[in-house]
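Novice: Here it is, the structure in full.
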Amino acid sequence: MSRSLPLPSARWLPVWQRHLLVWRKLSIPSLVGNFGDPLLYLLALGYGLGRFVGTMEGMPYITFLASGIVCSSAMNTATFEALYSAYTRMTTQQTWAGMLAAPLDVDDIVLGETIWAGTKSLFSASAILVVAAGLGIVRGPQALLVLPIALLVGTCFAAMALVVTAISKNYEFFVYYVTLVVTPMMLFCGVFFPLEGLPPPLRSAAAFLPLTHAVELIRPLMTGGWPAHATLDLSVLVGYGAVSYSIATALVRRRLLA
Amino acid sequence: MTLLARAVVILNPIMSQRNGGAVVAASGLTKIYDGRPVVDAIDLSVDRGECFGILGPNGAGKTTTLRMLIGLTPPSAGNLEVLGFPIPDRARLMRRHIGVVPQGDNLDPDFTVIENLSVYGRYFDLRKSETASRIPELLAFAALESKASAAIHTLSGGMRRRLILARALINQPDLLVLDEPTTGLDPQARQLIWQRLRSLLGQGKTLILTTNYMEEAERLCDRLVIMDHGRILVSGRPQDLVREHVEPQVLEVYGPGVERWLEDRGRALCGRTEQVGETAFCYAGNASALLEDLRNRPELNFLHRPANLEDVFVKLTGRELRDG
């Protein structure tokens, strides 16, 4: 196609609604995943490892960890939805082809997929927040702000993953992205321990990664404080998301509309 | 866009149809892949209410032509208007008014029969109540009333095909674009689809279809084109094409010694002959001399039939196998 920038419109909504309807049909296993996985991590690492760690940044380890788990879950949920599920809809199921025969464009589909995967991150963040509140490790009403931020974080990571989906020839290709990009972020962006624990070069590198900024936003909000550089953190997430969405749209157009 | 410009964009197509404009008007339509023209400067004009066929061997450019028509791939050159909308610029708007039956099965496996219809209605911004009121009629049309809540994987090939056709009608389209609508179906299922397509023509809808089945084209199409190597070889009404391009009578002769018979007698007795495998095709204006000769040769079997579209197709596109 000649034009290169996506033309977002409200036409993403039917795509999102379709995915929500499927999710509702399969919501029980989804909810088990949303609650179960992070709960297990939180209990095992928070209490198990926390006993040896004691406090971190002046708070019990499980409190420190809960906010990190919200971020990594938001990243993982959106990433896997936008890799595996979106790829299935693009290829084997031909769901996108059906949409393209209706008054929907690639731009609408990619935006719908992005916001949908972000929505799934919102679900999983909500689940963890409920569990953390139940454990009494959430402080202050500002913790509710975690929810819209989780939606933004998920949307950002979904757009990034869709770039990979758009160029993938098979499911195996996703291993590169998950192992080389997603897993390092989960380990080095402050989910499990503060960035101060890293050697300076790694620390500076981590500052460029979106998950670092997700943690910078969500951790203070869940523990009764306020983010120190909210504007910077939000800008990084929005920037990664917007650039990735543009690239993903251009790549999917090239792939499907050639 | 200003309000006035928007009104012009929306009204233009409606007005041009009022004036008897063509449903599809394409000139010099071209698609080039890797420097090779897959569709090579074709002209098409499809009238309101007709069934228009696009025929051709595999790789002739049929599907690419359809993809351009519905705005799924931009033409490399040429002008294209569908329902008065310039394509690809206004393709999304145009697709509100058409239905598409794809070659493959892209029903939503996560949904039931009814859900497939209602979710597809959402893609057209139809209100829930609007879709719900159309669904019973569509289920009846597809003869799937008893399967309303069935999962997609429990449907037979014919049922899926009918559901895809019903789904393409959810927005009450003026134009239906069908890519090989009956490929892979058994004869009974095919007959049912044909009957449904004819009833849609009776409602005044316009149909554009590609097919590999000459019988399908001959029965359904008012006009058709035969394409090969991206070009249109001929266009016209099926019966006219048969009359213009092949002799009216055909004898298919087979059996031991058919080659020798063809050399000794066959070629002399009929206007044109072709040998394919172990069968000799003899085309003649008057077959009585041939029939007379063959009655004296009990070792040879033969079938005497009027010429049909398949004879035209084979004459124009050759008999070699296309695996493209």
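The values are calculated or read from the model by the stated rules, or taken from the named source; none is laboratory data. None of the values given here were measured: they were computed from a predicted structure. All Cβ positions, even for glycine, are placed from backbone atoms using ideal geometry, and neighbour counts span all protein chains on display.
Novice: Just need a number here: residues in the range B:191-212 that are surrounded by fewer than 19 Cβ atoms within 10 Å (Cβ to Cβ) and either more than 22 Å from B:Ala140 (Cβ to Cβ) or touching a residue at least 60 places away in the same chain (Cβ under 8 Å) (or both).
Specialist: Residues meeting the conditions: 3.
Novice: Looking at B:Lys31 and the list (1) over 25 Å from B:Arg237 (Cβ atoms); (2) without any contact (Cβ under 8 Å) to a residue 24 or more places away in the chain; (3) not in a loop (DSSP other than H, G, I, E, B), which single condition is not satisfied?
Specialist: That leaves (2) as the condition not met.
Novice: Now for a different question. What residue, among those in the range B:50-63 that are of a type outside the set (D, E, K, R) and either farther than 25 Å from B:Tyr120 by Cβ or without any contact (Cβ under 8 Å) to a residue 40 or more places away in the chain (or both), is surrounded by the most Cβ atoms within 10 Å (Cβ to Cβ)? I'd like the intermediate steps shown before the answer.
Specialist: The first filter runs over the range B:50-63 and keeps only residues of a type outside the set (D, E, K, R), leaving B:51-61, B:63.
Now narrow it down to the ones that are either farther than 25 Å from B:Tyr120 by Cβ or without any contact (Cβ under 8 Å) to a residue 40 or more places away in the chain (or both): B:53, B:55-61.
On the way: B:Gly53: 26, B:Leu55: 29, B:Gly56: 26, B:Pro57: 21, B:Asn58: 11, B:Gly59: 15, B:Ala60: 25, B:Gly61: 25.
Ranking the candidates gives B:Leu55 first.
Novice: Before we move on, is A:Val181 part of a helix (DSSP H, G or I), without any contact (Cβ under 8 Å) to a residue 40 or more places away in the chain and within 16 Å of A:Ala78 (Cβ to Cβ)?
Specialist: Working: part of a helix (DSSP H, G or I): yes; without any contact (Cβ under 8 Å) to a residue 40 or more places away in the chain: yes; within 16 Å of A:Ala78 (Cβ to Cβ): yes.
Yes: the conditions hold for A:Val181.
Novice: Which condition number in (1) more than 11 Å from every other protein chain (Cβ to nearest Cβ); (2) modelled with pLDDT of 95 or more is the one that A:Gly48 fails?
Specialist: Condition (2) is where A:Gly48 drops out.
Novice: Residues of the range B:94-115 being facing another protein chain (nearest Cβ under 7 Å), of a type in the set (D, E, K, R) and assigned to a loop (DSSP other than H, G, I, E, B), which ones?
Specialist: Answer for the range B:94-115, where residues must be facing another protein chain (nearest Cβ under 7 Å), of a type in the set (D, E, K, R) and assigned to a loop (DSSP other than H, G, I, E, B): B:Asp108, B:Asp110.
Novice: Can you give me the ranges of the strands (runs of 3 or more DSSP E) entirely in the range B:225-294 with at least 3 residues that are without any contact (Cβ under 8 Å) to a residue 60 or more places away in the chain?
Specialist: Numbers: elements: B:231-236, B:249-254, B:272-276, B:279-284.
So the answer is B:249-254, B:272-276, B:279-284.
Novice: Go through the range A:190-258 and tell me which helices (runs of 4 or more DSSP H), entirely inside it, have 2 or more residues that are more than 17 Å from A:Gly118 (Cα to Cα), of a type in the set (D, E, K, R) and in contact (Cβ under 8 Å) with a residue 12 or more places away in the chain.
Specialist: On the way: elements: A:200-206, A:210-222, A:230-256.
Counting at least 2 such residues, we get A:210-222, A:230-256.
Novice: Considering only residues that are crowded, with 18+ Cβ neighbours inside 10 Å and closer than 17 Å to A:Ala207 by Cβ, look in the range A:221-258 and name the one that is nearest to the other protein chains (Cβ to nearest Cβ).
Specialist: A:Tyr240
Novice: In addition: When the residues of the range A:108-149 are filtered to those that are surrounded by 24 or more Cβ atoms within 10 Å (Cβ to Cβ) and among the charged types (D, E, K, R), which remaining residue is nearest to the other protein chains (Cβ to nearest Cβ)?
Specialist: Per the stated criteria, the residue is A:Asp108.
Novice: Just checking, does the range B:82-93 include any residue being part of a strand (DSSP E or B), touching a residue at least 60 places away in the same chain (Cβ under 8 Å), buried (at least 20 other Cβ atoms within 10 Å of the Cβ) and more than 9 Å from chain A (Cβ to nearest Cβ)? Spell out the reasoning first.
Specialist: Initial filter on the range B:82-93 (part of a strand (DSSP E or B)): B:82, B:85-86.
Narrowing further to those that are touching a residue at least 60 places away in the same chain (Cβ under 8 Å): B:82, B:85.
Checking which are buried (at least 20 other Cβ atoms within 10 Å of the Cβ) leaves us with B:82, B:85.
Restricting the remaining residues to those that are more than 9 Å from chain A (Cβ to nearest Cβ) gives B:82, B:85.
Yes, the conditions are met somewhere in the range B:82-93.
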